[in-house]
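What follows is a set of notes on a single structure, which appears directly below.
The values are calculated or read from the model by the stated rules, or taken from the named source; none is laboratory data. These numbers were taken from a predicted model, which means no experiment stands behind them. Cβ atoms come from the backbone with ideal geometry, glycine included; neighbour counts cover every protein chain shown.
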Amino acid sequence: MKAIVFSEQGSAEVLQYTDIPKPTLDTNEVLVKVEACAVNYLDIHARRNRPEIEAKLRRGDTPHILGSDIAGTIAEIGGAVRGLAVGDRVVLAPCIPCDICSDCYRGAENLCDTQELIGFQINGGYAEYVKAPSQNAIQMPAALSFVNAAAMPIAYLTAWHMLMTRAQLRPEDDILILGVGGGVGSAGLQIAKLTGARVFATASSDEKLKRARQMGANVTINYKDTDFSEVVLDVTNGRGVDVVLEHVGAATWDQSIASLAKNGRLVSCGVTTGNIGTINIRKMYQKQLTVMGSALGTVRELRTLIDLAGQGKLEPIIDRILPLHRAGEAHLLLENRQNFGKICLCPNL
Ligand SMILES: [Zn+2]
């Protein structure tokens, strides 16, 4: 089969379009013919320098295949697989949990210490075929396209778990979403609008903020021009917002905390600008703030999201669709932040 592979980490030039053998199945696995695979920023970290990938390459399991967000049709099934058939249209849940630890047992498989991510610890969807455990294959509603389905798992699952499961966003809440032009930010905006909450959104360009307003953002703030917490406090008459969706880290931490209302909840899933932030403990307890972390989400949550997309209530933003062999170009677009929405690779284009 055709695949984009790499045997050593580095710039986008390490990605090679080549022929490799199709994966062979265990009895509980399915082989999926990839129709669309979305590109995530994590793919770029993996290609450049993530130690998990370096370790995998060093073990000699070369070459590596990226790609965690995958939709396609089932081409083969293992002998023990039930409830799925060849030809089924499926989207793959990106994480493979151990299924036996206490976290997995109580349905919090996104806390599993030994979970593996498709396209990260194991080979992914930058290929004509990918294999996965049958539990990871979620059947798609007829109304959902492969490209839209592939654009969803990591970004929407992350945003949904943050807003709905962790921060428990309510219709009467005001929410501030940082970096609304990114995958998690734009997914968070759509999910927040579904709940009815009022959305404040930040981005680095007026063009991205215009798109955010078209998607329903109520108040937009260009963070390059201004301290966004001052705008938030100004618009809310000094009250602040009930929820902040944080994924930027050190650079925005102080402003994010300052934007919170009494009883405010800050939920964080990322630290692109640094790991360390401080907090004024007195202000925290007096305002009864909650700071919480969030990491990806569960298969059950992904099923909900796929249903909502099938009903047309969520619609991923697609920047462009490229043939698989142009994966390097997709990485450069993402690295240079030239996209608004997802870039999807299609092997059959
Ligand atoms: Zn586990």
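Checked against (1) in a helix (DSSP H, G or I); (2) small (G, A, S); (3) in contact with a helix residue (DSSP H, G or I) (Cβ under 9 Å, 6 or more places away or on another chain), A55 passes all but condition (3). Selection over the stretch 272-303 of residues that are assigned to a helix (DSSP H, G or I) and not aromatic (F, W, Y) gives a count of 10. Inside the stretch 102-112, residues that are free of Cβ contacts under 8 Å to residues at least 12 places away in the same chain and within 6 Å of the ligand (Cβ to nearest atom) make up a count of 2. Considering only residues in the stretch 250-272 that are over 19 Å from L189 (Cα atoms) and not hydrophobic (A, V, I, L, M, F, W, C), the one that is surrounded by the most Cβ atoms within 10 Å (Cβ to Cβ) turns out to be Q255. In the stretch 103-121 there is at least one residue matching the filter, namely being among the aromatic types (F, W, Y), over 12 Å from L31 (Cβ atoms) and buried (at least 22 other Cβ atoms within 10 Å of the Cβ).
Filter the stretch 113-132 down to the residues that are within 20 Å of M1 (Cβ to Cβ) and not hydrophobic (A, V, I, L, M, F, W, C), then identify the one that is farthest from the ligand (Cβ to nearest atom). Only one residue tops the list, namely E128.
Restricting attention to the stretch 94-110 and to residues that are small (G, A, S) and part of a loop (DSSP other than H, G, I, E, B), the residue that is farthest from G83 (Cα to Cα) turns out to be A108.
Out of the stretch 1-47, which residues are polar (S, T, N, Q) and farther than 21 Å from A93 by Cα? Working first, answer last.
First, the residues of the stretch 1-47 that are polar (S, T, N, Q): 7, 9, 11, 16, 18, 24, 27-28, 40.
If the condition is that a residue be polar (S, T, N, Q) and farther than 21 Å from A93 by Cα, then S7, Q9, S11, Q16, T18 are the ones that fit.
Only one of the numbered conditions (1) more than 16 Å from the ligand (Cβ to nearest atom); (2) modelled with pLDDT under 95 is not met by D99, and that is (1). Scanning the stretch 111-147 for residues that are touching a strand residue (DSSP E or B) at 6+ places or on another chain (Cβ under 7 Å) and part of a helix (DSSP H, G or I) returns S134, N136, F146, V147.
Say whether the condition of being surrounded by 15 or more Cβ atoms within 10 Å (Cβ to Cβ), hydroxyl-bearing (S, T, Y) and either at pLDDT below 95 or outside any strand (DSSP E or B) (or both) is met by at least one residue in the stretch 4-20. Looking through the stretch 4-20, none of the residues is surrounded by 15 or more Cβ atoms within 10 Å (Cβ to Cβ), hydroxyl-bearing (S, T, Y) and either at pLDDT below 95 or outside any strand (DSSP E or B) (or both).
Summed over the stretch 175-229, the residues that are of a type in the set (S, T, Y) and in contact with a helix residue (DSSP H, G or I) (Cβ under 6 Å, 6 or more places away or on another chain) give a count of 3. Mind checking whether some residue in the stretch 67-85 is assigned by TED's automatic domain parsing to the domain that holds A38, within 16 Å of the ligand (Cβ to nearest atom) and acidic (D, E)? Checked the stretch 67-85: no residue is assigned by TED's automatic domain parsing to the domain that holds A38, within 16 Å of the ligand (Cβ to nearest atom) and acidic (D, E).
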